[in-house]
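**Student:** Supplied in structure tokens, the structure appears directly below.
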Amino acid sequence: MPHQPRRQFIGLSTSALAGALVPGPVKRLFAPPTAEITVHLTQSLGEIAPTIYGQFIEHLGRAIYGGIYDEQHRQFRPDVLEKVQRLRPPLLRYPGGTVTKIYHWKDGVGQNRPVRKNLIWGGYDTNQVGTDEFVQYARLLGAAPFLTVNMSTGTAEEAADWVEYCNATQGYYAAQRQANGHAAPYQVKYWGLGNEEAAKEDAGRLQDPRDYVKQAWYYAKLMKLQDPTIQLIMVGDKPDWNQQILQELHPICDYISLHLYANSKPGDPASLFASIAEMEVAIKTTAAQIKALTPERVTGFSKWYRFPSRQQPVKIALDEWGIWENGGKGAYDLEVDYTWNHALGVATFLNIFQRNAAVIGLATWAQTVNVLAPIMTNETTSICQTIYYPMELYRRLCGPRSVAATTTGAATLDVSASTDGKTLTLAIVNRDSTAAITVKINAKVAGRWIAHELNAPSVAAMNTLQAPDTNVVSYKQRTLLASATTYTVAAHGITLLQAAL
Ligand code: AHR
């Protein structure tokens with residue numbers, strides 16, 4: 001949308017201001033509405049899975065060693081832990097990523113852990129962090145653990161042994177866990193069968209979907225025979241790959257995975273939003289495939305499998321999503337600096353997840369520390385990048401059910417709405433880098449709106465390790481006028497408006 005002329009009305013009477021969501025004294029600058037948002041409370045878009053707010057950590061560069069874990073002192077970094085805890089991820093994915101293709105879980109448990117070359121990302125993995133430490137970290141965060149199994153240099157037996165190590169009370173590997181000091185099973189529910197197996201460049205061996213289907217059945221059977229309650233995330237990719245996966249694996253496929261990384265064109269930060277819009281198209285295309293190719297309930301599943309079929313409709317697992325810009329530092333240039341524009345992108349992504357709540361079962365941001373990450377470290381300190389703040393705010397405020405909200409009049413606005421039945425939360429992102437937008441809001445609410453506003457001085461603003469005590473991101477909470485029907489979203493602003501129903 002072209003920028004609206006910013007007409008200003010100064011010194012209007014209180015009654016003239018009564019319709020504006022602008023609190024305080026009479027002298028205020030505001031503009032007439034140029035856009036309209038209508039919330040359709042009775043039009044549910046589905047339950048928002050709490051697991052859409054997950055995180056991902058991989059044995060990659062400084063993500064684990066130098067990120068969440070301090071190898072020298074053999075402990076989790078407390079400064080990083082405190083920051084990840086504030087993000088409250090309900091789900092944590094590990095150990096990869098592409099590294100899954102060379103990762104052997106048995107290297108990372110017990111007393112004698114081999115140091116292995118990280119063939120995928122470079123450097124060496126001391127295996128000081130393995131399954132037990134990962135589960136411990138997930139518990140410190142209150143997150144459910146999500147493990148991905150090696151389908152390239154590993155075997156189905158190795159994957160099933162891992163299920164036993166994590167989830168069984170008896171057996172050779174369950175006894176190993178107990179001997180390692182962990183009496184109770186870990187109850188790992190989420191298991192990814194491989195990672196990006198379609199990727200031709202990777203050291204995988206299942207790049208033809210027919211090979212993946214064959215192996216996935218084999219892995220699934222052995223793993224489900226160990227624990228029939230586990231949920232399986234199957235690798236997705238482009239629609240032609242997904243079609244075969246859904247057709248052939250749907251009786252045992254709880255989730256089909258999509259990896260969505262947006263980016264912008266050099267020198268054109270606003271192009272990020274077109275890239276993110278393509279991600280919504282990919283979600284909708286996959287949703288349509290799930291609908292067309294998989295029944296909601298599986299019938300006629302032979303008892304001779306000796307475990308039950310999938311019990312719920314197939315959902316999408318966005319088990320890697322994020323913003324991947326060129327020009328980062330560190331291993332494979334993956335240590336990316338995020339500007340405030342990227343934070344607007346994160347909020348847009350989260351709106352997309354809410355709008356498509358009916359089909360998205362889980363999502364884990366790739367990644368957590370140092371690698372494409374909301375948190376960056378050096379040897380002595382750590383910071384939250386701009387993208388951290390919308391993640392934290394959405395997780396804290398959004399409701400568990402998505403409801404429809406339509407917008408007219410401003411293409412740079414992106415909106416979602418959610419509720420817990422008592423409170424309406426309206427998330428508004430103004431991706432316009434220079435112009436505020438005044439919005440007329442049509443929503444039946446009982447109480448005053450409370451505005452939770454995030455912003456930064458410009459779309460280019462960044463937090464850096466060079467100035468660790470400076471936070472460019474501002475957060476304001478204010479209660480708006482009781483009779484308010486319009487609200488002005490600042491240029492490059494993210495607002496979560498809340499009101500009682
Ligand atoms: O998150 C970084 C990498 O991106 C992951 O290892 C891989 O799965 C994806 O391509």
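The values are calculated or read from the model by the stated rules, or taken from the named source; none is laboratory data. Just so you know, these numbers come straight off a predicted model, no measurement behind them. Neighbour counts are summed over all protein chains in view; Cβ atoms, including those assigned to glycine, are modelled from backbone coordinates with ideal geometry. For the accessible areas, the whole protein counts, side chains as well, though only heavy atoms, and no ligand, DNA or RNA atoms are used. Shrake-Rupley method; radii C 1.70, N 1.55, O 1.52, S 1.80 Å.
**Student:** Assuming THR386 fulfils every condition listed in (1) in contact with a Phe, Trp or Tyr (Cβ under 7 Å, 6 or more places away or on another chain); (2) surrounded by 24 or more Cβ atoms within 10 Å (Cβ to Cβ); (3) not in a loop (DSSP other than H, G, I, E, B) apart from one, which condition is it?
**Tutor:** It is condition (3) that THR386 fails.
**Student:** Moving on. Which condition number does LEU344 fail, the rest of (1) open to solvent by less than 10 Å² (accessible area, probe 1.4 Å); (2) within 16 Å of the ligand (Cβ to nearest atom) being met?
**Tutor:** (2)
**Student:** Mind listing just one residue for me: the one in segment 42-60 that is away from the ligand (no atom under 16 Å from the Cβ) and not β-branched (Val, Ile, Thr) and, of those, farthest from the chain's Cα centre (by Cα)?
**Tutor:** Let us first name the residues in segment 42-60 that are away from the ligand (no atom under 16 Å from the Cβ), namely 42-53.
With not β-branched (Val, Ile, Thr) added as a condition, the list becomes 43-47, 49-50, 53.
Details: GLN43: 25, SER44: 22, LEU45: 19, GLY46: 18, GLU47: 16, ALA49: 11, PRO50: 11, TYR53: 5 Å.
Among residues in segment 42-60 that are away from the ligand (no atom under 16 Å from the Cβ) and not β-branched (Val, Ile, Thr), the one farthest from the chain's Cα centre (by Cα) is GLN43.
**Student:** If you don't mind, there's one more thing I want to ask. Going by the structure shown, is THR42 among the β-branched types (Val, Ile, Thr), open to solvent by 80 Å² or more (accessible area, probe 1.4 Å) and either at pLDDT 95 or above or part of a loop (DSSP other than H, G, I, E, B) (or both)? Write out each step before concluding.
**Tutor:** Working: among the β-branched types (Val, Ile, Thr): yes; open to solvent by 80 Å² or more (accessible area, probe 1.4 Å): yes; either at pLDDT 95 or above or part of a loop (DSSP other than H, G, I, E, B) (or both): yes.
It is true that THR42 is among the β-branched types (Val, Ile, Thr), open to solvent by 80 Å² or more (accessible area, probe 1.4 Å) and either at pLDDT 95 or above or part of a loop (DSSP other than H, G, I, E, B) (or both).
Yes or no, residue by residue, for (1) aliphatic (A, V, I, L, M); (2) surrounded by 16 or more Cβ atoms within 10 Å (Cβ to Cβ); (3) under 18 Å from the mean Cα position of the chain (by Cα); (4) not assigned by TED's automatic domain parsing to the domain that holds ALA363:
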{"site": "PRO209", "(1), (2), (3), (4)": "no, yes, no, no"}
{"site": "LYS214", "(1), (2), (3), (4)": "no, no, no, no"}
{"site": "ILE256", "(1), (2), (3), (4)": "yes, yes, yes, no"}
{"site": "TYR261", "(1), (2), (3), (4)": "no, no, yes, no"}
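**Student:** Give segment 282-306 a look and list any residue that's open to solvent by 90 Å² or more (accessible area, probe 1.4 Å) and either in contact with a Gly (Cβ under 9 Å, 6 or more places away or on another chain) or in a helix (DSSP H, G or I) (or both), or say none. Even if it seems obvious, please write down each step before you answer.
**Tutor:** Taking segment 282-306 and keeping what is open to solvent by 90 Å² or more (accessible area, probe 1.4 Å), we get 284, 291, 296-297, 299, 303-304, 306.
Those that are open to solvent by 90 Å² or more (accessible area, probe 1.4 Å) and either in contact with a Gly (Cβ under 9 Å, 6 or more places away or on another chain) or in a helix (DSSP H, G or I) (or both): LYS284, LYS291, LYS303, TRP304.
**Student:** Filtering segment 252-267 down to residues that are in a strand (DSSP E or B) and aliphatic (A, V, I, L, M), which residue is farthest from VAL371 (Cα to Cα)?
**Tutor:** Our first condition is that a residue be in a strand (DSSP E or B); within segment 252-267, this holds for 255-262, 265.
Filter once more, so that each one left must be aliphatic (A, V, I, L, M): 256, 258, 260, 262.
Numbers: ILE256: 24, LEU258: 19, LEU260: 15, ALA262: 15 Å.
In this case the residue turns out to be ILE256.
**Student:** Okay, moving on. Name the residue that is nearest to HIS104 (Cα to Cα), counting only residues in segment 152-178 that are touching a residue at least 60 places away in the same chain (Cβ under 8 Å) and surrounded by fewer than 19 Cβ atoms within 10 Å (Cβ to Cβ).
**Tutor:** GLU157
**Student:** Give just the number: which of (1) open to solvent by 10 Å² or more (accessible area, probe 1.4 Å); (2) more than 21 Å from GLY327 (Cβ to Cβ) does VAL403 not satisfy?
**Tutor:** Of everything listed in (1) open to solvent by 10 Å² or more (accessible area, probe 1.4 Å); (2) more than 21 Å from GLY327 (Cβ to Cβ), VAL403 misses just condition (1).
**Student:** Right, another one. Tally the residues that are of a type in the set (Phe, Trp, Tyr) and either more than 17 Å from ALA143 (Cα to Cα) or modelled with pLDDT under 95 (or both), restricting the search to segment 346-381.
**Tutor:** The initial filter retains those residues of segment 346-381 that are of a type in the set (Phe, Trp, Tyr), namely 349, 353, 365.
Then keep just the ones that are either more than 17 Å from ALA143 (Cα to Cα) or modelled with pLDDT under 95 (or both); that gives 349, 353.
Final tally of qualifying residues: 2.
**Student:** On the basis of being open to solvent by 10 Å² or more (accessible area, probe 1.4 Å) and either outside any strand (DSSP E or B) or not assigned by TED's automatic domain parsing to the domain that holds ILE276 (or both), does THR470 make the cut?
**Tutor:** Values: open to solvent by 10 Å² or more (accessible area, probe 1.4 Å): yes; either outside any strand (DSSP E or B) or not assigned by TED's automatic domain parsing to the domain that holds ILE276 (or both): yes.
Yes: the conditions hold for THR470.
**Student:** Still on this structure, I have one more. Taking into account only those residues within segment 263-276 that are closer than 25 Å to GLN289 by Cα and open to solvent by less than 50 Å² (accessible area, probe 1.4 Å), which is farthest from the ligand (Cβ to nearest atom)? Give the derivation first.
**Tutor:** Applying the first criterion (closer than 25 Å to GLN289 by Cα) to segment 263-276 yields 273-276.
Keeping just the survivors that are open to solvent by less than 50 Å² (accessible area, probe 1.4 Å) gives 273, 275-276.
On the way: PHE273: 21, SER275: 16, ILE276: 17 Å.
By that ranking, first place goes to PHE273.
**Student:** Which one of these is touching a strand residue (DSSP E or B) at 6+ places or on another chain (Cβ under 7 Å) and on the phi < 0 side of the Ramachandran plot: ILE352, ILE316?
**Tutor:** After ruling out the rest, the residue left standing is ILE316.
**Student:** Going by what's in this entry, would GLN311 be described as open to solvent by 10 Å² or more (accessible area, probe 1.4 Å), assigned by TED's automatic domain parsing to the domain that holds ALA63 and modelled with pLDDT of 95 or more? Break it down into steps so the answer makes sense when it comes.
**Tutor:** Details: open to solvent by 10 Å² or more (accessible area, probe 1.4 Å): yes; assigned by TED's automatic domain parsing to the domain that holds ALA63: yes; modelled with pLDDT of 95 or more: yes.
Considered against the rule, which asks whether it is open to solvent by 10 Å² or more (accessible area, probe 1.4 Å), assigned by TED's automatic domain parsing to the domain that holds ALA63 and modelled with pLDDT of 95 or more, GLN311 comes out as yes.
**Student:** Within segment 62-85, is there a residue that is part of a strand (DSSP E or B), surrounded by 18 or more Cβ atoms within 10 Å (Cβ to Cβ) and within 16 Å of the ligand (Cβ to nearest atom)?
**Tutor:** Yes, because at least one residue in segment 62-85 is part of a strand (DSSP E or B), surrounded by 18 or more Cβ atoms within 10 Å (Cβ to Cβ) and within 16 Å of the ligand (Cβ to nearest atom).
**Student:** Is it true that GLY330 is surrounded by fewer than 18 Cβ atoms within 10 Å (Cβ to Cβ) and within 16 Å of the ligand (Cβ to nearest atom)?
**Tutor:** Working: surrounded by fewer than 18 Cβ atoms within 10 Å (Cβ to Cβ): yes; within 16 Å of the ligand (Cβ to nearest atom): yes.
Taking the combined requirement at face value, the residue satisfies it.
**Student:** Restricting the search to segment 356-368, which residues are surrounded by 24 or more Cβ atoms within 10 Å (Cβ to Cβ) and either away from the ligand (no atom under 15 Å from the Cβ) or not small (Gly, Ala, Ser) (or both)? Steps first, answer last, please.
**Tutor:** Here is the first cut: in segment 356-368, the ones surrounded by 24 or more Cβ atoms within 10 Å (Cβ to Cβ) are 360, 362-368.
Listed by number, the residues that qualify are ILE360, LEU362, THR364, TRP365, GLN367, THR368.
**Student:** Any chance you could count how many residues in segment 92-121 are surrounded by 16 or more Cβ atoms within 10 Å (Cβ to Cβ), within 16 Å of the ligand (Cβ to nearest atom) and not basic (Lys, Arg)?
**Tutor:** Within segment 92-121, residues that are surrounded by 16 or more Cβ atoms within 10 Å (Cβ to Cβ), within 16 Å of the ligand (Cβ to nearest atom) and not basic (Lys, Arg) number 13.
Okay, residues lined up against (1) touching a helix residue (DSSP H, G or I) at 6+ places or on another chain (Cβ under 8 Å); (2) basic (Lys, Arg):
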position: ARG210; (1), (2): yes, yes
position: GLN215; (1), (2): yes, no
position: LYS221; (1), (2): yes, yes
position: LEU225; (1), (2): yes, no
position: ILE233; (1), (2): no, no
position: ASN242; (1), (2): yes, no
position: PRO251; (1), (2): no, no
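**Student:** Which one is nearest to the ligand (Cβ to nearest atom), of the residues in segment 229-249 that are open to solvent by 30 Å² or more (accessible area, probe 1.4 Å) and under 30 Å from PRO185 (Cα atoms)?
**Tutor:** From segment 229-249, those open to solvent by 30 Å² or more (accessible area, probe 1.4 Å) are 229, 231, 237-240, 243-244, 247-248; that's our starting set.
Now restrict to residues that are under 30 Å from PRO185 (Cα atoms): 229, 231.
Values: THR229: 26, GLN231: 20 Å.
Only one residue tops the list, namely GLN231.
**Student:** Looking at segment 400-430, which of its residues are over 20 Å from the mean Cα position of the chain (by Cα) and either over 19 Å from PHE349 (Cα atoms) or not in a strand (DSSP E or B) (or both)?
**Tutor:** Answer for segment 400-430, where residues must be over 20 Å from the mean Cα position of the chain (by Cα) and either over 19 Å from PHE349 (Cα atoms) or not in a strand (DSSP E or B) (or both): THR408, GLY409, ALA410, ALA411, THR412, ASP420, GLY421, LYS422, THR423, LEU424.
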